[in-house]
1. Where in region B:11-100 are there GluC sites (Glu not before Pro) that are in a DSSP coil and have at most 14 other Cβ atoms within 10 angstrom of their Cβ?
2. For chain B, the longest stretch holding no trypsin sites (Lys or Arg not before Pro) located in a DSSP loop with at most 16 other Cβ atoms within 10 Å is which?
3. If you take every residue apart from residue A:160 with its C-beta less than 12 Å away from the C-beta of residue A:160, what net charge results, scoring Lys and Arg +1 and Asp and Glu -1?
4. Let me confirm one metric for peptide A:317-326, namely the mean number of other chain beta-carbon atoms within 10 Å of its residues' beta-carbons.
5. Enumerate by residue number the trypsin sites (Lys or Arg not before Pro) in region A:23-53 meeting two conditions: DSSP loop (anything except H, G, I, E, B), and at most 14 other Cβ atoms within 10 Å of the site's Cβ.
6. For the pair residue A:183 and residue A:29, how long in nm is the line joining their label points, each one 7 Å along Cα→Cβ?
7. Would you look at the GNM of chain A, springs on alpha carbons closer than 10 Å, and say which of A:84, A:56, A:189 moves the most?
8. Kindly count the pairs of lysines across region A:233-317 whose alpha carbons are less than 15 Å apart, treating pairs on different chains or eight or more residues apart as eligible.
Amino acid sequence: MPNNDRYAYAVGRIRAMETRLLDRGKIDRMVEAKSAEEALNVLGESEYGEYLADLGSVHQFEKMLDAELRRIYVELRKFSPEPGLINLFAKKFDYHNLKVLIKANKLAEKRDELLVSEVGNIPIAEMIRAVSDDDYRNLPSLMRQAAEKLSELLRLEPDPQLVGLLLDRAMYEELEDEVDAQKSPFLKGYFTSLVDLLNIKTYLRVRRANRPKEFLLKALLPNGNVNMNKLVQLVEPLEVLVDRLMFSAYAHVVEEGVQTYQKTDTLTRYEKLADDHLIKYAKQAKYVTFGPEPIIGYLLAKENEIKMIRIIMVGKINQLPTEEIKERLRDVYV
Amino acid sequence: MSMYKVAVVGDKNSILGFKALGVATYPVTGGDEAARALGEIMRERVAVVCITEAVAEQIQPQLKELNKRLLPAVVLIPNNQGSLGLGMMQIKKNAEKAIGADILFGKEGS
């Protein structure tokens, strides 16, 4: 058992912060609101309240979510005894920024508004310099290798799909290394589920797009537990997939998710169920007294909360029926 | 070689899909922004501009002005909440202007 006493202070802070997460009641009130403005006003008495005054209109709600995300990462970095833990979760923003910059560079456009600043580990300015000079030496090694290879491939064939394929693979490889370094079975379990659920989705999408097996092999991530390539062939009916995963932890996600997908031809339900599965897993962290789990749990809860507010606001702005918004909503952590 | 472009103006969620087709998208949230976007479009080499009906309703005077010019051609499209029928009305008017009769709905000389 590693010495987890050093988490005592951090967990204390987290427990206090957890009480300010949006509960089901507030989320429901947002969903039931008659307009986007009304939904936003529900947030007035929450942590988001301080941003509301600065928003010119409801259409700018993304600004509020960006600011909150930044605040959470800054805050957690301040007191997490293990900075690597937060850096690990921030890595997706580094990769996001790199993707945006490489694509914008290829299009000779400037799309800086799509960058996520001050959340990732690598300063934006450094990233911009790397891409515009085509010199990735200052980036972490796996990211650097992927970026260099990508730069070469894009010169031969400017296929935007390559950007996602190569960089996602590098990111999950980097993540796996860092997850292992944290020596937390809880974190490892989360990461494995995340990759597995992603791979199942990739399998469904590749199938839907009628792409060959070679493409599936390129798109699947090697870092999970379920080997989708061995598990089920692209030519086999989807029922085989459901059957083979019947006794796995993902049985309920796959069963209902795939059934709904066959009926509606969309992965919306699958995505919701997959997120719920991950949040349910994260909830175990609530019963841990000392350790990294509560920090991880809180971070995931907050990212889930931000995603839900986005779903509600986009739904309200586009006047989606309340029922349809509800179907898309995730479970809450609290 | 400079080709003429196609532009789309409308609320973000209605028009974002056009981006994947290589169309220049101008997401707007109200009449003022739409008028500004239209000004920008007129300075570019744009041949066709699609505008969602909901937005078009808010910038009628500017659209009237635009209809007098050769380019760009204005096409009204429904947004993600359905059609207001303005686009069809516009097509009817244009057909009448071009051939002098409403051949689309069969009411001659109306």
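1. B:44
2. On the way: sites that count: B:45, B:68, B:69.
No qualifying site falls inside B:1-44, the longest such stretch.
3. Computed value for this residue: +1.
4. Working: counts 4, 7, 2, 3, 0, 0, 0, 0, 0, 0.
Partner Cβ neighbours, averaged per residue: 2.
5. Numbers: sites: A:24, A:26, A:29, A:34; in loops: A:34.
Sparse-neighbourhood loop trypsin sites (Lys or Arg not before Pro): A:34.
6. 4.6 nm
7. The residue that fluctuates most here is A:56.
8. Working: A:272/A:280; A:272/A:307; A:280/A:302; A:283/A:302; A:286/A:302; A:307/A:316.
Number of lysine pairs found: 6.
The values are calculated or read from the model by the stated rules, or taken from the named source; none is laboratory data. None of the values given here were measured: they were computed from a predicted structure. Note that we place each Cβ from the backbone using ideal geometry, even for glycine, and neighbour counts take in every protein chain shown. Side chains are part of the model used for accessible areas, which takes the heavy atoms of the whole protein and leaves out ligands, DNA and RNA. Shrake-Rupley method; radii C 1.70, N 1.55, O 1.52, S 1.80 Å.
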